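Report on the structure given below.
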Amino acid sequence: MTLEGWILGAPLKVLRQEDHPYHETTLATLGRHEVGLTRRESPQGSGSEIFLDGRSVYELGMAAPARAWFDLCRELGYEPARHWDWDPALILFQQLVPAMAVDWHEPPLALTGLGLPEGVLSLAGLRQTFAEAVAQLHRRLPGPAGAKVAEAFEWLPLRAVVFHDDAQTAPDLEETGPCGLVSLWLGIHHGRPVILRGAAPGGRRHWATETTGGRSPGEVLLAAAGLDPEPPQGFDSALHSALTYLCHCLEEPLDAYRRTYPVGIPWHHGRRERLLGRTIVDLRPGDPPMLVLDDGTEVAIDVDPGAAWELGGI
């Protein structure tokens, strides 16, 4: 089965479907794994139960799929920083389940406006919360500087959330406090994101804009939004107020969302880890030329390397 925009690095192949009314079942393979989808009736209403390799990974009422689904997503190449707008829950309910239930007589799940079962926490919910907070900026930040900041954030929706605490232990003993380091990726183009990093060393999160090349946070924001790079007077102060407000609005939803993610899964890898063990599958001409790897990663080729003696070689 071909799925447009399929995220995971393995095909979904439907093996068998039983689509009798009120007794639908689908069995499929995803790489070397087996996936099952079965319609269920429960006191909460009509829904579905999802199985992975014979074990249940979701049933109606759960806030997120079980850890096995997160492990499979990571195994098959999903990384938040590379796959904008997706997380394991969205891959499951907006890609895999619709494909498996395409011929069912009845819908497999009662879905919310975000396309998810009631109660499931996902990146889509955080994006909605962020967008609602951005909509309040024009009221909260008066004047030309405030209007410019609000306009910039309107062009920079929340696209990805990356948790960096890969440790095998929970964020704290009760698993109720903020996680360690988390990044919010905002932007229109993946190559020009605005990255907000939040760390909670003492229990309260502190947010800052990641900058490169000596640019100020305001310059990074305006460049990513495609706006006039000359900010009006008072822009930096308005930007600081906006960041404080937006991250405050996200704090509780982000903490709840974090608790759906199992610890010990290295979601964010450096360049070396992303390229290690990969195979080149294509070469795309351009300026610069790009190598395409088997997991979809693109690597630019340096067509004008420095001379050996310039690099300290023989």
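The values are calculated or read from the model by the stated rules, or taken from the named source; none is laboratory data. All values derive from a computational prediction rather than experimental measurement. Neighbour counts run over all protein chains shown; Cβ positions are idealised from the backbone, glycine included.
If you check 124, 170 for being modelled with pLDDT under 90, aliphatic (A, V, I, L, M) and within 21 Å of residue 197 (Cα to Cα), only one passes: 170.
Somewhere in the stretch 88-111, is a residue part of a loop (DSSP other than H, G, I, E, B) and closer than 27 Å to residue 188 by Cβ?
no
Just so you know, in the stretch 281-306 the residues that are under 20 Å from residue 6 (Cα atoms) and not charged (D, E, K, R) include one that is modelled with the lowest pLDDT, and it is 296. Return the residues of the stretch 224-236 that are within 11 Å of residue 155 (Cβ to Cβ) and part of a helix (DSSP H, G or I); say none if nothing qualifies. Matches in the stretch 224-236: 224, 225.
Of a type in the set (D, E, K, R), surrounded by fewer than 21 Cβ atoms within 10 Å (Cβ to Cβ) and at pLDDT below 85: does that describe residue 34? When the stated conditions are applied, residue 34 does not pass them. As an exercise: evaluate residue 7 against (1) at pLDDT below 90; (2) surrounded by 15 or more Cβ atoms within 10 Å (Cβ to Cβ); (3) within 23 Å of residue 110 (Cβ to Cβ) and give the number of the one condition it does not meet. Of (1) at pLDDT below 90; (2) surrounded by 15 or more Cβ atoms within 10 Å (Cβ to Cβ); (3) within 23 Å of residue 110 (Cβ to Cβ), only one is false for residue 7: (3). Residues that are of a type in the set (Lys, Arg) number at least 2 in the following strands (runs of 3 or more DSSP E) confined to the stretch 28-82: 33-42.
For the stretch 133-153, filtering for residues that are part of a helix (DSSP H, G or I) and without any contact (Cβ under 8 Å) to a residue 24 or more places away in the chain leaves 4. Listed by first and then second residue, the pairs linking a residue in the stretch 66-89 that is over 19 Å from residue 164 (Cβ atoms) to a residue that is assigned to a helix (DSSP H, G or I), with Cβ atoms under 6 Å apart and 6 or more places separating them unless they lie on different chains, are 69/88. Does residue 55 satisfy the condition of being charged (D, E, K, R) and closer than 21 Å to residue 118 by Cα? In short, no.
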